[in-house]
Amino acid sequence: MLAGEGHMLIGIPKEIKTLEFRVGLTPAGVSELTHHNHEILIESGAGKGCGYDDQQYRSAGAEIVDTAAEIFERAELLVKVKEPQPAECKMLRPGQTLFTYLHLAPDPTQTRLLVESRATCIAYETVTDANGGLPLLTPMSEVAGRMAAQEGAHCLEKAQGGAGILMGGVPGVAPANVLVIGGGVVGINSARIAMGMGANVTIADRSLKRLQEIDTQFGQKFNTLYSTREALVDLLPTTDLIIGAVLIPGAAAPKLITRDMLKIMRPGTVMVDVAIDQGGCFETSMPTTHANPIYEVDGIIHYCVANMPGGVPRTSTMALTNATLPYIIKLANQGPVQALLDDEHFLDGLNVHNGMVTMEAVAKDLGYSTIDPADALLRNTMRIAS
């Protein structure tokens, strides 16, 4: 089925990543899109994990279908949450648009499959705004940052392998020492929750400007530290919880805590790697799931769940839809090519188009040649015109 002007067929499959309960749109988001004269297909049960049943979607104007295969076959625009799994990638086709989190830099298999699909693949996490922010990553970074502190606190309990330390301590007993590496959205949200639990919090970052902003905003509530290897090594022996919150948009995360550094930490120290979606910022990090979130290396507890916000799917789905809906409406109203070409910040989200890698950081990390995203779109447009 082909869309006419101002009409698009949008598909929302059920997420299939392990213990991923979020869904691409809330019923309220579906209602908004149907108001704009677009058709919505949603896989039966897609919203169940976050409390939305099929009838709520049906009442919002969606058509409920039984299988993801039917959605991939019929839809022109696919809206998801997590990166497509191999079986989903193989169902994509030329001319189709995928809008979701991709995190391609540490994932050569997914990248290859998306290139081979010749679909247009737009990543939430690389869309920018006029202020240099990442508006579609921010809501999930807020959730993941806040979860990082509470999950870290849980992991510090002895039953989880931690040192048996209470984040806030009690009168006469010192609180936990928490080191947050990275002063962005994840870092600030982690620090705020850790501070609220009564911990002694240090935020490390390599941007003096960012450290000054944090100091101005929070004063003496946090300690700030210019992040160097030596500075981290000095802190690690007395740190109870380390939260890795670094991000280089679109690129693999730098390894800031090496395996050798684990030797200077106290047994039962906990490391939460929120950067695991981009390969992780600890050398010993490996992706884990909500089913089996932690593992131990050299006496150090690692929490590396790759879809942390999936643990609170209702909050996460609502927050994500609030952020993505205006962009979905643009894609549907204008068509992907025009919507992207009209907005340079939205265009930053384009990672793969018609067999070409358009995100320079991904191409560099994975050995692809790259093409300017606008050039890729215009080249395709000229082919169609001819």
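Miscellaneous remarks
- Order of T238, T269 under a 10 Å beta carbon neighbour criterion, fewest first: T238, T269
- Rounded if a/c under 1.5, otherwise prolate or oblate - the range 255-386, Cα gyration tensor axes: oblate
- The Rg/Rh ratio for the chain is 1.00, where Rg is the radius of gyration of the alpha carbons and Rh is the Kirkwood radius.
- Stokes-Einstein translational diffusion, the range 96-186 - Kirkwood Rh over all Cα pairs, 0.692 mPa s, 37 °C, in µm²/s: 199 µm²/s
- Beta bridges per DSSP with both ends in the range 250-386, % antiparallel, nearest 5: 50 percent
- Summarising the amide proton neighbourhood of Y303: residues at separation of 5 or more, or on other chains, whose placed amide H is nearer than 5 Å comprise M271, V272, D273.
- Pairs of lysines in the chain (C-alpha under 13 Å apart; 8 or more residues apart or interchain): 5
- Relative exposure of F72, F218, judged by other C-beta atoms within 10 Å (fewest first): F218, F72
- In order through the range 159-172: 3J(HN,Hα) via Karplus (6.51 cos²θ - 1.76 cosθ + 1.60), integer Hz, x for Gly, Pro: 5, 8, x, x, 6, x, 10, 7, 3, x, x, 9, x, x
- Per residue convex hull volume, Cα atoms of the range 14-67, in Å³: 64 Å³
- With neighbours defined as other Cβ atoms within 10 Å of a residue's Cβ, the residues L236, L136 order from fewest to most as L236, L136.
- Our Cα-only numbers for the range 116-243 put the radius of gyration and Dmax at 16.7, 63 Å.
- Using only side-chain charges placed at the Cβ, +1 for Lys and Arg and -1 for Asp and Glu, the dipole size of the chain relative to its Cα centre rounds to 520 debye.
- Degrees between helix 108-117 axis and first principal axis of the chain (Cα, 0 to 90, nearest 10): 10 degrees
- Only one residue of P254, V170, Y303 has its Cα farthest out toward the positive end of the dipole of the range 138-311, where Lys and Arg carry +1 and Asp and Glu -1 on Cβ, and that residue is V170.
- Antiparallel %, DSSP beta bridges [both residues in the chain], to 5: 20 percent
- HN-Hα J in Hz across the range 66-82 - Karplus 6.51, -1.76, 1.60, θ = phi - 60°, x for Gly and Pro: 7, 10, 5, 4, 5, 5, 5, 6, 9, 6, 8, 10, 9, 10, 10, 10, 8
- For G11, the amide hydrogen comes within under 5 Å of the amide hydrogens of L41, E76, L77, L78, V79, counting only partners 5 or more places away or on other chains and with H modelled in the peptide plane.
FYI, it's all coordinate maths here, none of it is from the lab. Source: prediction; values computed, not measured. So basically every Cβ, Gly included, is an ideal-geometry build from the backbone, and we count neighbours across all protein chains shown.
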